[in-house]
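What follows is a single structure, written as structure tokens, with notes after it.
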């Protein structure tokens with residue numbers, strides 16, 4: 001197996017962190033007035049979309065080439081959380097709020113869920129138990145990555161902010177994100193409990 005195949009998935013993950021930082025720089029300095037040029041906001045939207053797509057790509061390549069590593073399993077969700085939580089923090093603060101539809105309690109909910117799951121993953125990985133993201137976590141990430149661009153558009157792109165239907169879709173996505181984010185923690189905790197029991201049973205046998 002070539003060196004490129006072994007290293008490319010993790011390199012894409014690291015590149016996503018760079019895209020996240022670029023997104024924060026661009027999105028953190030937006031003009032949200034009605035007469036503002038929307039090009040900077042669109043740039044932020046597309047940076048976020050590209051970063052989100054790389055989350056699919058690195059995992060797909062790692063599985064296809066069978067180069068999944070502990071480093072990748074840990075780094076990938078951490079970078080995802082930096083991207084999503086950072087975006088939500090920006091959207092919940094001036095000048096993007098309240099037009100972004102993201103209020104502080106939504107950010108607190110997301111952060112609480114991610115801290116809980118990250119702690120559980122760290123405990124399990126520390127005991128040598130692989131704990132990759134499950135389909136519920138992946139669906140949660142997908143919903144979050146769809147919601148963020150809508151919220152950014154509702155806050156910083158004048159023609160979208162003035163569209164009643166677009167704002168209504170944004171509100172619906174925010175509520176869907178809240179429900180999915182909270183619900184996705186439950187199967188994760190159940191899976192972690194089962195993994196710890198199996199690990200304990202093997203070591204006590």
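The values are calculated or read from the model by the stated rules, or taken from the named source; none is laboratory data. The shown structure was predicted, so the numbers you read here are calculated from the model rather than taken from an experiment. When we count neighbours, we look across all protein chains shown, and the Cβ atoms used for this are built from the backbone with ideal geometry, even at glycine.
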Handout entry: Any hit, region 45-52, residues being surrounded by fewer than 19 Cβ atoms within 10 Å (Cβ to Cβ), touching a helix residue (DSSP H, G or I) at 6+ places or on another chain (Cβ under 6 Å) and either farther than 22 Å from residue 140 by Cα or modelled with pLDDT under 95 (or both)
Key = no
Practice task
Would you be able to tell me the number of residues in region 62-97 that are over 15 Å from the mean Cα position of the chain (by Cα) and either in contact (Cβ under 8 Å) with a residue 24 or more places away in the chain or under 17 Å from residue 12 (Cβ atoms) (or both)?
Solution key: 14
Handout entry: Condition met for residue 91 (modelled with pLDDT of 90 or more, in contact with a helix residue (DSSP H, G or I) (Cβ under 7 Å, 6 or more places away or on another chain), over 18 Å from residue 139 (Cβ atoms) and surrounded by 16 or more Cβ atoms within 10 Å (Cβ to Cβ))
Key = yes
Exercise for the section: For residue 193, indicate whether it is exposed (fewer than 15 other Cβ atoms within 10 Å of the Cβ), under 28 Å from residue 75 (Cβ atoms) and free of Cβ contacts under 8 Å to residues at least 40 places away in the same chain. Expected result: yes
Handout entry: residue 16 surrounded by 13 or more Cβ atoms within 10 Å (Cβ to Cβ), in contact (Cβ under 8 Å) with a residue 60 or more places away in the chain, closer than 28 Å to residue 132 by Cα and out of contact with any strand residue (DSSP E or B) (no Cβ under 7 Å at 6 or more places or on another chain)
Key = yes
Problem - helices (runs of 4 or more DSSP H) completely within region 112-188 that count 3 or more residues being in contact (Cβ under 8 Å) with a residue 40 or more places away in the chain, more than 30 Å from residue 200 (Cβ to Cβ) and in contact with a helix residue (DSSP H, G or I) (Cβ under 6 Å, 6 or more places away or on another chain) - result: 135-156, 164-183
Practice task
Mind telling me which of the residues 18, 59 ends up being farther than 23 Å from residue 154 by Cβ, under 18 Å from the mean Cα position of the chain (by Cα) and at pLDDT below 80?
Solution key: 59
Problem - Unmet criterion (only one of (1) assigned to a helix (DSSP H, G or I); (2) over 12 Å from the mean Cα position of the chain (by Cα); (3) buried (at least 17 other Cβ atoms within 10 Å of the Cβ)) for residue 32 - result: (1)
